[in-house]
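Okay, structure first, notes after.
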Amino acid sequence: MLEGLWKNRNDFVWHNEKEDASKLGWLAFHKWQEWFLAQNPRETQIDNGELAHWSPPSSGCFKWSAWDSCTFFVLEAEALALKEAIQASSTFHNTPLIFESDSQHVVKALSSSSKGSSEFITIINYIKLLLLNFPNIKVKFIKRQANMVAYTLAKAANSWSRRCLFDVIPPCITFHLINEIS
């Protein structure tokens, strides 16, 4: 809760923007839920022998990473990030692309025939339509431990009040980047 209040204060001081108190409460609650689930990884993560180490994309393919501030539930945010990344990739036309997600629920939902009108299912159905238009795009599940660079960068981004573009490697990921290269 303190982190949310501090970020809200900074956004107000520096950008004259602020969130409602109720929204901050919901965000704090969802962060607590994420933290709680992370404390019990054996109960929340299924191990089916998925990729445990980062691997570079095949020749001619790209891997993406992005961050955006949002107020969605975790699964909705994961699905929305994937949707936006696929939409942004339209400039690559027929280039083969690999999107990796550490959200097993999102990746499984893409191959299921779930029906409904929840925000999550609506986003998943939109992604399915996008994938029909981009047959060279693959979406794969990857354990968080297999791409600590992306995870660490995303975690650091939670403290940023705006999107950031880097001309150099951000210091927060240098250690993990060196480990994954070697």
Problem - Order by protection proxy (mean Cβ within 10 Å, highest first), peptides 12-25, 115-128 - result: 115-128, 12-25
Handout entry: Net length gained if the chain between ARG144 and ILE169 were fully extended (0.36 nm per residue, minus Cα distance)
Key = 7.0 nm
Fill in the blank from the handout: Amide H proximity to GLU100 below 5 Å, modelled H, separation 5+ or other chain, gives TRP64, LYS140
Completion exercise
Given 95-108, 129-142, the highest-first ranking by average Cβ count within 10 Å works out to 95-108, 129-142
Exercise for the section: In whole Hz, with x marking every Gly and Pro, tabulate ³J(HN,Hα) for the range 76-90 from phi via Karplus 6.51 cos²θ - 1.76 cosθ + 1.60, θ = phi - 60°. Expected result: 5, 5, 4, 5, 5, 4, 5, 4, 5, 5, 5, 4, 5, 6, 4
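Given R₀ = 41 Å, FRET efficiency for SER59-ILE121 by Cβ-Cβ distance, to 0.05? Working shown, then result.
Values: r = 36 Å, r/R0 = 0.87.
The pair SER59/ILE121 has a calculated efficiency of 0.70.
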Fill in the blank from the handout: Amide H neighbours of LYS143 at under 5 Å, excluding residues fewer than 5 places away on the same chain, with H built from the backbone geometry, are LEU51
Fill in the blank from the handout: Rounded to one decimal in nm, the spacing of the 7 Å Cα→Cβ label points at THR91 and LEU5 is 4.1
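Protein chains only, probe 1.4 Å: how do ILE181, ILE173 rank by accessible area, largest first? Working shown, then result.
Numbers: ILE181 130, ILE173 15 Å².
Ranking ILE181, ILE173 by accessible area, largest first, yields ILE181, ILE173.
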Practice task
Sticking with the crude label model, points 7 Å out along Cα→Cβ, report the distance from ILE178 to ASN16 in nm, one decimal please.
Solution key: 4.4
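The values are calculated or read from the model by the stated rules, or taken from the named source; none is laboratory data. What you see is a predicted model, and the numbers here were worked out from it, not measured in a lab. Here Cβ is always computed from backbone atoms with ideal geometry, including for glycine, and neighbour counts include all displayed protein chains. In case anyone asks, the SASA skips ligands and DNA or RNA and just uses the protein heavy atoms, side chains included. Shrake-Rupley method; radii C 1.70, N 1.55, O 1.52, S 1.80 Å.
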